[in-house]
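Peer 1: This is the structure I want to talk about, given as structure tokens.
The values are calculated or read from the model by the stated rules, or taken from the named source; none is laboratory data. Bear in mind the structure is a predicted one, so any value in this text is a computation, not a measurement. Cβ placement follows ideal geometry from the backbone for every residue including glycine, while neighbour counts extend to all protein chains displayed.
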Amino acid sequence: MSSANSKFGDQIVLFLATGCGLGWIPVAPGTFGSLGGLVLVYGLSLLPLWGYIAGEVAVIAVGIWLCTRAGQLLGRLDPPSVVWDEIAAFPIVFAGVTLNPWTAVLGFLWFRLFDIAKPFPINRLERLPAGWGVMSDDLMAGVFAAIGLQATIWLGGAFFVN
């Protein structure tokens, strides 16, 4: 591969890993990057269940490699500008949930809470090597957020679903 092709490929990696540039926002890049996750969830929600699941598996598989490579390019294991991991977690948060303004805000807030606080075992997953650690802690934060969102919907009843 020529040097020009390699540089172009690295630019694509960084563009995707930073959530099409959302991760370059200087204040709270993870929060802004998470907004890209809502776009992904909306797109996946247009698919049948098997497509939603297959799409999420593909996003995770690509993300492990992408986060590893972006970390190498940026010289840090988990650079704040790399937000693919936040984006990839969102389909987990909203699995089985009707996406509407209420659920979008609640799921977003639950995810940010767990992604920032990183309670056990989320904090332990960061120790996995390279992209595995970058992705795993956010995916587990997505699981915790999904539970929080489901509990909120259950407690709030029809108010959040309609």
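Peer 1: Give me the pairs, please: first residue somewhere in region 58-75 and within 13 Å of residue 9 (Cα to Cα), second residue anywhere and hydrophobic (A, V, I, L, M, F, W, C) and outside any helix (DSSP H, G or I), beta-carbon distance under 8 Å, and either six or more positions apart or on two chains.
Peer 2: Close Cβ pairs satisfying both conditions: 70/82.
Peer 1: Still on this structure, please answer the following. Those residues that are aliphatic (A, V, I, L, M), in contact with a helix residue (DSSP H, G or I) (Cβ under 9 Å, 6 or more places away or on another chain) and in a helix (DSSP H, G or I), I need them from region 15-51; list them, please.
Peer 2: Matches in region 15-51: 16, 17, 22, 35, 38, 39, 40, 41, 44.
Peer 1: Which one is nearest to residue 53 (Cα to Cα), of the residues in region 84-116 that are among the hydrophobic types (A, V, I, L, M, F, W, C), crowded, with 22+ Cβ neighbours inside 10 Å and in contact (Cβ under 8 Å) with a residue 60 or more places away in the chain?
Peer 2: The residue in question is 87.
Peer 1: Can you tell me which residue within region 28-67, out of those that are closer than 14 Å to residue 89 by Cβ and among the hydroxyl-bearing types (Ser, Thr, Tyr), is surrounded by the most Cβ atoms within 10 Å (Cβ to Cβ)?
Peer 2: Applying the filter and picking the extreme gives 34.
Peer 1: Taking residue 124 and the conditions (1) buried (at least 19 other Cβ atoms within 10 Å of the Cβ); (2) without any contact (Cβ under 8 Å) to a residue 12 or more places away in the chain, which numbered condition does it fall short on, given that it satisfies the others?
Peer 2: Just one mismatch for residue 124, condition (1).
Peer 1: Moving to a separate point now. So residue 119 clears everything in (1) free of Cβ contacts under 8 Å to residues at least 40 places away in the same chain; (2) surrounded by 14 or more Cβ atoms within 10 Å (Cβ to Cβ) except one condition, right? Which one?
Peer 2: Among (1) free of Cβ contacts under 8 Å to residues at least 40 places away in the same chain; (2) surrounded by 14 or more Cβ atoms within 10 Å (Cβ to Cβ), residue 119 violates only (2).
Peer 1: Also, I was wondering about something else. Would you mind stating whether residue 111 is among the aromatic types (Phe, Trp, Tyr), more than 24 Å from residue 18 (Cβ to Cβ) and either at pLDDT 95 or above or in contact with a Lys or Arg (Cβ under 9 Å, 6 or more places away or on another chain) (or both)?
Peer 2: So residue 111 fails the test.
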